[in-house]
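Contents: one structure, followed by commentary.
We did not get these values from a lab; they are worked out from the coordinates using the rules stated. Predicted model only: the values in this text are computed from it and were never measured. Positions of Cβ are backbone-derived with ideal geometry, glycine not excepted, and every protein chain shown enters the neighbour counts.
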Amino acid sequence: MQLSREKINQLSHLIVQALADQDGINLLHPDNDVRLEIVRVLTEEVMLEDQIEQTVKDKLASYSRTIIEGSREWDIMYRKLYEEELNRLGRK
């Protein structure tokens, strides 16, 4: 899933606001510092997801038999390879 920089910034503002509105939650750093850290983490996660997606698509394309993207077989293999890649990276 591709998120634009603007969408990531918007999400970071919403998250900081939601945290600030919660009783019992006091941010230990200024709101903008927290927001910038959220932007950094979201950006890294989107980049990692894109890398995993490309790795999986490359693996599917390397098979000797063509698997048509969007087919049931492709969907099943994509999910299986995606899970394997997450496990390999210690993300699951």
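A few comments on the model shown:
- Mean sequence separation of contacting Cα pairs (under 8 Å, at least six apart), scaled by the length of segment 5-88, corresponds to a relative contact order of 23 percent.
- Packing-based order for 22-33, 66-77, 43-54, using average beta carbon neighbours within 10 Å, highest first: 43-54, 66-77, 22-33
- Partners for Lys57 among lysines (Cα-Cα distance below 17 Å; same-chain residues under 8 apart left out): Lys80
- Taking each DSSP H run with n ≥ 4 as -39500 (n - 2.57) and averaging over every residue of the chain yields -25000 deg cm²/dmol at 222 nm.
- Segment 8-46 and segment 71-92 have Cα centres lying 30 Å from one another.
- Bins of 10 Å from zero: percent of alpha-carbon pairs in segment 5-88: 16, 31, 20, 21, 11, 2
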